[in-house]
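What follows is a single structure, written as structure tokens, with notes after it.
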Amino acid sequence: MKAFILKDRGNAVITEQAPAPALPEPYGAILEPVAMAPCTSDVNTVYGTGSRKPDNLILGHECVARILETASGVRDFHPGDIVAVPAITPDWRELSIQEGNDRHAGRPFSGNALGRSIPGVFAQRFAIKDADTTLAHIPAGVGIRDALMCVDMAVTGFTAAESAEIRTGDTVVVLGIGAVGLMAVQAAALMGAAQIIAVGTRPVSVELAKEFGASEVLSYKDGNVAEQVLKRTGGTGADAVIICGGDDHAMEEAIDMVRYGIGRVVNVKHYPGDGVIGIPKFSGGRGMAGKTVKLELCRGGRARIERLLKMVEFGRIRPGRLVTHRLDGFDRITDGLEMMREKTPELIKVMVVPEWAGEGIE
Ligand SMILES: [Zn+2]
């Protein structure tokens, strides 16, 4: 079958020779993607320096898909259903999930498997091991773009905001307004933040940040961002800082600009390579500032994605607005990945619709 694979580091290609997946009994399903989105983390997988990947790994973890086949034990899904497939797919039978450890149950990053440690979704067919606990029904009236942007972008932004425990009246800073940062802005607004300061410069993102609830968008080009935030908060700093972008110094900046005593910093940004993510001695109160730091991976699973889709259904969020480009034909996934790598000025996310998707995929 056709698939988009990682041949060697830095070399992702389309092959016609990928082995088709077998149906995982007793709870699995075989699906075909009808809309796919390449992600910055696919760019990191292809070009980055992370852990060694399986040979000829099939890439991809963001898609809406049609179910082709279900195993004997599947109750709630049927062939023909079009479903949202979460990027993060915890194995809910892992014991440590009972201890609240869903994303790293059993081993680090066990929930982050699709297109990383197991074959991903950029293929004619892919398998999901446990359909009932993983796949998400898409409510009537929810569009494909919105559903597609729920599986990773919206759920990551909401994971960050929830982890930051945003309270009514908070001042929240969101560093980086790519797709995840934009969703974090919207999540913060819905959770009751009063002042939302987004940080970024790309015009297409600045516009959307304001639409999603940012009270102001600051630029790195106007000087030290921590100083800009302190100035706007009477020297107090933000109640919460959510790191969705920036360079290796983003954590230091976040510690500099978050409040003493009750400030929370949540990171969902990927830091490539080795080295240290630093905490400044001074603004860290020489280790006693009362500031909380959390390092988070996006949440996954069916219930989480169905809740986000319900937010779309009732008009609370519009993640489909993130899709700025559409490419038609499976082979154009190669172009989509390059576009995500280059981040041209008008681009936030790309949707790729394969030729077998059929009518009505808008
Ligand atoms: Zn992704």
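The values are calculated or read from the model by the stated rules, or taken from the named source; none is laboratory data. Only a predicted model underlies this, so the values are computations on that prediction, with no experimental measurement involved. In this analysis, Cβ positions are derived from the backbone assuming ideal geometry, glycine residues included, and neighbour counts consider all displayed protein chains.
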Scope region 185-233; condition among the aromatic types (Phe, Trp, Tyr) and farther than 27 Å from SER283 by Cα; matching residues: PHE212
Qualifying residue in region 148-160 (condition: in contact with a Phe, Trp or Tyr (Cβ under 6 Å, 6 or more places away or on another chain), surrounded by 24 or more Cβ atoms within 10 Å (Cβ to Cβ) and over 23 Å from ARG75 (Cα atoms)): no
The one condition in (1) away from the ligand (no atom under 14 Å from the Cβ); (2) closer than 30 Å to VAL142 by Cβ; (3) touching a Gly at 6+ places or on another chain (Cβ under 7 Å) that SER72 fails to fulfil: (3)
Tabulated pairs, region 184-210, first touching a residue at least 60 places away in the same chain (Cβ under 8 Å), second of a type in the set (Asp, Glu), C-beta under 6 angstrom, 6+ apart or interchain: VAL204/GLU346
Criterion violated by ASP222 - all others in (1) free of Cβ contacts under 8 Å to residues at least 12 places away in the same chain; (2) out of contact with any helix residue (DSSP H, G or I) (no Cβ under 8 Å at 6 or more places or on another chain) satisfied: (2)
Output for region 286-305, where each listed residue is farther than 30 Å from ASP76 by Cα and in a helix (DSSP H, G or I): ARG286, GLY287
Selection within region 183-212 - surrounded by fewer than 20 Cβ atoms within 10 Å (Cβ to Cβ) and in contact with a Leu (Cβ under 8 Å, 6 or more places away or on another chain): VAL204
Those residues of region 301-344 which are of a type in the set (Phe, Trp, Tyr) and touching a residue at least 60 places away in the same chain (Cβ under 8 Å), in sequence order: PHE330
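For (1) under 29 Å from GLU362 (Cα atoms); (2) modelled with pLDDT of 95 or more, each residue gets a yes or a no:
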{"site": "ARG9", "(1), (2)": "no, no"}
{"site": "ILE14", "(1), (2)": "yes, yes"}
{"site": "ALA18", "(1), (2)": "yes, yes"}
{"site": "PRO21", "(1), (2)": "yes, yes"}
{"site": "PRO24", "(1), (2)": "no, yes"}
{"site": "ALA37", "(1), (2)": "yes, yes"}
{"site": "THR40", "(1), (2)": "yes, no"}
{"site": "ASN44", "(1), (2)": "yes, no"}
Tally of residues being surrounded by 17 or more Cβ atoms within 10 Å (Cβ to Cβ) and closer than 19 Å to ILE166 by Cβ across region 254-276: 12
Candidate set: region 160-176, residues that are outside any helix (DSSP H, G or I) and either touching a Leu at 6+ places or on another chain (Cβ under 6 Å) or among the aliphatic types (A, V, I, L, M) (or both); chosen: the one farthest from ASP248 (Cα to Cα): ILE166
